[in-house]
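Asker: Could you have a look at this structure, given as structure tokens, before my questions?
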């Protein structure tokens, strides 16, 4: 028996779980946003995911990313796959261990009705947004989640009916405002919640 | 001429390109996406896109972190 599925049945109707499970979600980046958003989506019953990242797990990631000390040095997508499969061993999870760019983005995320942008660099956020802006995919981006405090400033902005932007749009994650678990997780949770609302037909 | 930029009316030079207008705002072209009159204009097309009086430009800025 799939224990997670069984548990989710306590909260959703059969129709709702079917809608969620039928949605294929692409997650661009498996860092602070992507690893945590993926965890929340899987806990919510999403079973079809494509996760892409080029990076490996480092000690500085553990303050906010969904990885563990015994995973240091592993490609993030492989470590994340292992963690997600612990939650739901029946996931249809594809991983891409490499950089997403303007040439491969559509192919890597082909078949995805939802895209979660979870990149680190602003230039990459721009690149992916331009590709998917008019794609018909439900697109959830994030910008401005560094530092701590004032978490109410992490808002959701509807750019158009299939493009949402989460964050405070101002606080770059850098040495003055390092990325910390509370704000990063709040942003990732808002991204996951938008995806869940979309899957359930509310937006 | 007058254009509307991020919902505020502002002046712009006649015949200015979208690229030059964006530069005049101080925004970093590498970190923004731009809608012109409701349609996304990819960054590679900004230089050859000429603005007209009354155009409506919306720029969404990204900052790093994720």
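Taken together, the values in this text are just the output of simple stated rules run on the coordinates, not laboratory data. Because the structure is a prediction, the values reported are computed rather than measured. Using ideal geometry, Cβ is built from the backbone for each residue, glycine included, and neighbour counts are taken over all protein chains shown.
Asker: Restricting to the stretch A:86-134, and then to whatever is in contact with a strand residue (DSSP E or B) (Cβ under 7 Å, 6 or more places away or on another chain) and over 15 Å from residue A:27 (Cα atoms), can you tell me which residue is surrounded by the most Cβ atoms within 10 Å (Cβ to Cβ)?
Answerer: The residue in question is A:126.
Asker: How many residues, within the stretch B:21-66, are closer than 24 Å to residue A:174 by Cα, more than 10 Å from the chain's Cα centre (by Cα) and within 14 Å of chain A (Cβ to nearest Cβ)?
Answerer: Here the count works out to 9.
Asker: Now a separate question. If residue B:8 satisfies every condition in (1) away from chain A (no Cβ under 14 Å); (2) surrounded by 13 or more Cβ atoms within 10 Å (Cβ to Cβ) but one, which is the exception?
Answerer: The number of the failed condition is (2).
Asker: Could you check the stretch A:89-203 for helices (runs of 4 or more DSSP H) lying wholly inside it with 1 or more residues that are more than 12 Å from chain B (Cβ to nearest Cβ) and more than 13 Å from the chain's Cα centre (by Cα)?
Answerer: In the stretch A:89-203, A:105-108, A:181-199 are the helices (runs of 4 or more DSSP H) which contain 1 or more residues that are more than 12 Å from chain B (Cβ to nearest Cβ) and more than 13 Å from the chain's Cα centre (by Cα).
Asker: Report whether or not residue B:64 is closer than 25 Å to residue A:144 by Cα and surrounded by fewer than 19 Cβ atoms within 10 Å (Cβ to Cβ).
Answerer: Judged against the criteria, residue B:64 is not a match.
Asker: Turning to a different aspect of this structure: Would it be correct to say that residue B:33 is part of a strand (DSSP E or B) and surrounded by 18 or more Cβ atoms within 10 Å (Cβ to Cβ)?
Answerer: Yes; evaluated as a whole, the condition is true for this residue.
Asker: Oh, and also: Among (1) out of contact with any strand residue (DSSP E or B) (no Cβ under 6 Å at 6 or more places or on another chain); (2) assigned to a strand (DSSP E or B); (3) more than 21 Å from residue A:128 (Cα to Cα), where does residue B:40 come up short?
Answerer: Here residue B:40 clears every test but (3).
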